[in-house]
Every structure is written in C-alpha cells, then in structure tokens.
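The values are calculated or read from the model by the stated rules, or taken from the named source; none is laboratory data. The model shown is predicted, which means the values in this text are computed figures rather than measured ones. Cβ atoms come from the backbone with ideal geometry, glycine included; neighbour counts cover every protein chain shown. Areas reflect the complete protein model, heavy atoms only, side chains present, ligands, DNA and RNA absent. Shrake-Rupley method; radii C 1.70, N 1.55, O 1.52, S 1.80 Å.
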Amino acid sequence: YGWLMLAGILVSIALWSRVAKRDERLVLIYIAALAGAFLGAKLVYLGAEGWLHWHDEKRWVILATGKSITGALLGGYAAVEIAKRFAGYRSATGDWFAIIAPVGIMLGRIGCVLHGCCLGNACEASWFTVNDAHGIARWPAAQVELLFNALALTGILVLRARRVLPNQHFHLYLMAYGLFRFAHEFFRETPRILGPITGYQLAALAIVGLGAVGFVVRQRQSVREAAASGRSQ
C-alpha cells in the first residue's frame, strides 16, 4: 500500500520537474504543496473520524496511518498560496496541479482497492457490488472514486489541449471533486458526526467553496490583465 503512495509522489515530482525548469521558486512551491497536503490530510482525518478511535487499543497505529484526500487538497492548496506569496511568485500554477491531483488520487484509490479500506456501505449483492474481506457486499466506493478521477483527468487534458479556461483547471477540479465527494459520501461507510453528515462532507464543501472563490478571483485577475494589456497597446 505504501509503495503506491511513493509512486504517486514520484509521478508528481516527474510532472512538476517539467514546470520547475522555468523558475527555481517552483521547487519551493512544490515542496510546500507536498507538506501542506500531508498536514491537511492528517488534520482532516483526525477531525472527521480519528478522534473516535481514541479508546481503541490500536489507536496509535490508526491515528498514524489515517489520512484524508479532502484534507490533502485543502492543505496543499493553502500551502501553495502561502508559498507563492512568500516567494513572490505571481503566475498561475493550478493547471499543473489539476493533472497531478487526480493522478495521485487514482493511485491512492488503487491502494484502497488492494488494501480493502475506505469501504462503501453494505448493500444487497448486485452486479456492481464488491465483497469485503468478510464476504459482505458493498458499494464500490474506491472504484467509483477511481473512475471519477479518471474522467476528471480526461476532461482536464481536453481543456488543456483546446486551451479552454487556462489557469482555471484546478479550480474546476476542486469544485467538481468537492461536489462529487459530498454526494458520494452518503454511499461510504464513514462516521456521521452531524446527523447524516460526515466530517469529510464538511471538508468537501470547503473544497467547493475554495475552488469557487479561486475561480472568481482568477477570472477578475484575467479581466484586469486583459484591460491593462489593451491600454498599453
């Protein structure tokens, strides 16, 4: 399972190295993204369900290994913005992260499938269900998220090839993933902390909001830059 996480990191390094050749500050931004993603993944997991395992005899193992994709997206995004301000880097980097994020998540969900974690709700056996280690039929949660990210990556690559909404691809991905994850969470076997709502759904809404705000800010920035370019001509 751990080797897939390492593979995800290596893939992201390979992709980002192509961008980093343009400006050495991008190395700092990537390192910040990685650190922020790890920190966010841990914090959101602890807030969403980690604290529920405090009295478990294996709590230290559970707390040490638990992590959240929603938290990784939130933490990584925040860390990138902080690092860009610190380094004085003003250009957009999101279109590359829009490729890196779904690839990393896909590798992570392959690990979930192989490891048997991040299960869907138990349900009546059907053509689409998968059996867990105890033979219980479940909604294929990891497989569905893997498929979503594959489709999202395809869409992003199409937008990139056709130069549609440049510098907005990561914001689009955040909004799409956040909405997907909020809806899909109802089919996953995760602790409900506010009625039918899970902590991950709250994080998913935060992801949608972050993507929407980023989209609007970037659009306004593009309009200002276009107007300034027109005046200079």
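Arrange the residues Ile62, Ile105, Ile82 by how much accessible surface each exposes, largest first, with a 1.4 angstrom probe.
Sorted by accessible area, descending: Ile82, Ile62, Ile105.
Accessible area per residue of region 87-233 at 1.4 Å probe, in Å²?
53 Å²
Which loop GluC sites (Glu not before Pro) in region 17-101, with loop taken from DSSP, have no more than 10 other Cβ atoms within 10 angstrom of their Cβ?
Listed in order of number, the matching sites are Glu24, Glu57.
At 7 Å along the Cα-to-beta-carbon direction for both Ser126 and Ile62, put a label point, then send me their distance in nm to one decimal.
The modelled label-to-label distance comes out at 3.0 nm.
Over the chain, what percent of the accessible surface lies on carbon and sulfur atoms, probe 1.4 Å?
67 percent
Within the chain, which DSSP H helices have Cα atoms that stretch 27 Å or more along the helix axis and a mean Kyte-Doolittle hydropathy of at least -1.0?
Numbers: long enough: 25-48 (34 Å, 1.73); 94-115 (31 Å, 1.34); 141-162 (32 Å, 1.22); 199-232 (49 Å, 0.43).
Within the chain the helices that satisfy the rule are 25-48, 94-115, 141-162, 199-232.
Expected output is a single nm value to one decimal: the length gained when fully extending between Val27 and His115, i.e. 0.36 nm times separation in residues minus the C-alpha distance. What is it?
This chain segment gains 28.4 nm when fully extended.
What ranking do 159-170, 33-44, 125-136, 67-78 get when scored by the average of other Cβ atoms within 10 Å per residue, highest first? Intermediate results must be reported in sequence, preceding the final value.
Numbers: 159-170: 15.2, 33-44: 20.8, 125-136: 10.8, 67-78: 24.3.
Top to bottom by mean Cβ count within 10 Å: 67-78, 33-44, 159-170, 125-136.
What is the Rg over Rh value, at two decimals, for region 47-192, using alpha-carbon atoms and the Kirkwood definition of Rh?
Taking Rh as the inverse mean 1/r over Cα pairs, Rg/Rh reads 1.03.
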